[in-house]
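Q: Sharing a structure with you now.
The values are calculated or read from the model by the stated rules, or taken from the named source; none is laboratory data. Quick caveat: nothing in here was measured; it's all calculated off a predicted structure. With ideal geometry, Cβ positions are generated from the backbone for all residues, glycine too; neighbour counts draw on all protein chains shown. Just so you know, the surface numbers come from the protein's heavy atoms only, side chains and all, with ligands and any DNA or RNA stripped out. Shrake-Rupley method; radii C 1.70, N 1.55, O 1.52, S 1.80 Å.
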Amino acid sequence: SPGAITEHFTLNFTITNLMFTTDLQTPNSRKFRSAEKIMKHYVDSLLQQSSIGPHFTGCKVTGFRSGRHGDDTKVDAVCSYKDNASLAGFDREKLYQEMSTMTKNVTKLGHYSLDRSSLYIDG
């Protein structure tokens, strides 16, 4: 739409049933690409159902890190949306609540289990 500006926000969460391995830190590894594709699918489908859905343009997984317990994997992503006068402005608290609800109180993302205290949205 005319006058729309692409805005970004970061999204972080921890998966408790995806064991972190060093090849998840290597962007060209098979494991990284596979996990990246799966995370992008799950996150994009959730955000398309959210209040920013009509303006949502996608997420890019920027990395995987070792979680607190070694077995956990932290996921970092940068997501984008088109902002214009018709959009009431990005409300990260509202988006957090929607994502929390859609992930069963931050416990499930597809077949992955989430650390309930790990969801973070900044923007």
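Q: Against the conditions (1) open to solvent by 80 Å² or more (accessible area, probe 1.4 Å); (2) more than 19 Å from residue 14 (Cβ to Cβ); (3) in a strand (DSSP E or B), where does residue 54 fall short? Just the number, please.
A: In the conditions (1) open to solvent by 80 Å² or more (accessible area, probe 1.4 Å); (2) more than 19 Å from residue 14 (Cβ to Cβ); (3) in a strand (DSSP E or B), residue 54 misses (3) alone.
Q: Within region 1-10, which residues are exposed (fewer than 13 other Cβ atoms within 10 Å of the Cβ) and among the aliphatic types (A, V, I, L, M)? I'd like the intermediate steps shown before the answer.
A: Within region 1-10, the subset exposed (fewer than 13 other Cβ atoms within 10 Å of the Cβ) is 1-3, 5-6.
5 - this is the single residue of region 1-10 that is exposed (fewer than 13 other Cβ atoms within 10 Å of the Cβ) and among the aliphatic types (A, V, I, L, M).
Q: Being in contact (Cβ under 8 Å) with a residue 60 or more places away in the chain and in a loop (DSSP other than H, G, I, E, B) is the filter here, so list the residues in region 3-36 that pass it. Working first, answer last.
A: We begin by selecting, within region 3-36, every residue in contact (Cβ under 8 Å) with a residue 60 or more places away in the chain; these are 3-18.
3, 4, 16, 17, 18, listed by residue number.
Q: Could you list, in sequence order, all residues of region 47-62 that are touching a residue at least 12 places away in the same chain (Cβ under 8 Å), touching a strand residue (DSSP E or B) at 6+ places or on another chain (Cβ under 8 Å) and on the phi < 0 side of the Ramachandran plot?
A: Pass one, region 47-62, residues touching a residue at least 12 places away in the same chain (Cβ under 8 Å): 47, 49-52, 55-62.
Now drop any that are not touching a strand residue (DSSP E or B) at 6+ places or on another chain (Cβ under 8 Å), which leaves 47, 50, 52, 55-62.
Residues satisfying the conditions are 47, 50, 52, 55, 56, 57, 59, 60, 61, 62.
Q: Please specify each residue of region 79-94 satisfying the condition of being more than 14 Å from the chain's Cα centre (by Cα) and either of a type in the set (D, E, K, R) or assigned to a strand (DSSP E or B) (or both).
A: Within region 79-94, the subset more than 14 Å from the chain's Cα centre (by Cα) is 82-91, 93-94.
Matches in region 79-94: 82, 83, 91, 93, 94.
Q: For region 16-26, give me the residue count where each residue is over 15 Å from residue 109 (Cα atoms) and either open to solvent by 80 Å² or more (accessible area, probe 1.4 Å) or among the hydroxyl-bearing types (Ser, Thr, Tyr) (or both).
A: Taking region 16-26 as the starting set, the residues that turn out to be over 15 Å from residue 109 (Cα atoms) are 19-26.
Still in the list and also either open to solvent by 80 Å² or more (accessible area, probe 1.4 Å) or among the hydroxyl-bearing types (Ser, Thr, Tyr) (or both): 19, 21-22, 25-26.
Residues in region 16-26 being over 15 Å from residue 109 (Cα atoms) and either open to solvent by 80 Å² or more (accessible area, probe 1.4 Å) or among the hydroxyl-bearing types (Ser, Thr, Tyr) (or both): 5 in total.
Q: Before we move on, is residue 70 on the phi > 0 side of the Ramachandran plot and under 14 Å from the mean Cα position of the chain (by Cα)? Full working, then the answer.
A: Details: on the phi > 0 side of the Ramachandran plot: yes; under 14 Å from the mean Cα position of the chain (by Cα): no.
So residue 70 fails the test.
Q: Let me spell it out: the conditions are (1) out of contact with any helix residue (DSSP H, G or I) (no Cβ under 9 Å at 6 or more places or on another chain); (2) modelled with pLDDT of 95 or more, and residue 67 meets all of them except one. Which number is the exception?
A: Unmet condition: (2).
Q: For residue 13, indicate whether it is over 10 Å from the mean Cα position of the chain (by Cα), under 24 Å from residue 106 (Cβ atoms) and open to solvent by less than 40 Å² (accessible area, probe 1.4 Å). Please lay out each step first, then the result.
A: Numbers: over 10 Å from the mean Cα position of the chain (by Cα): no; under 24 Å from residue 106 (Cβ atoms): yes; open to solvent by less than 40 Å² (accessible area, probe 1.4 Å): yes.
Taking the combined requirement at face value, the residue does not satisfy it.
Q: For the structure I just gave you, tell me whether residue 76 is in a loop (DSSP other than H, G, I, E, B) and surrounded by fewer than 18 Cβ atoms within 10 Å (Cβ to Cβ).
A: Working: in a loop (DSSP other than H, G, I, E, B): no; surrounded by fewer than 18 Cβ atoms within 10 Å (Cβ to Cβ): yes.
Taking the combined requirement at face value, the residue does not satisfy it.
Q: Could you figure out which of (1) modelled with pLDDT of 95 or more; (2) part of a helix (DSSP H, G or I); (3) surrounded by fewer than 16 Cβ atoms within 10 Å (Cβ to Cβ) isn't true of residue 39?
A: It fails just one condition, (3).
Q: Further question: Condition first: touching a Ser or Thr at 6+ places or on another chain (Cβ under 6 Å), modelled with pLDDT of 95 or more and among the charged types (D, E, K, R). Now tell me which residues in region 70-115 satisfy that.
A: 74, 76, 98, 115
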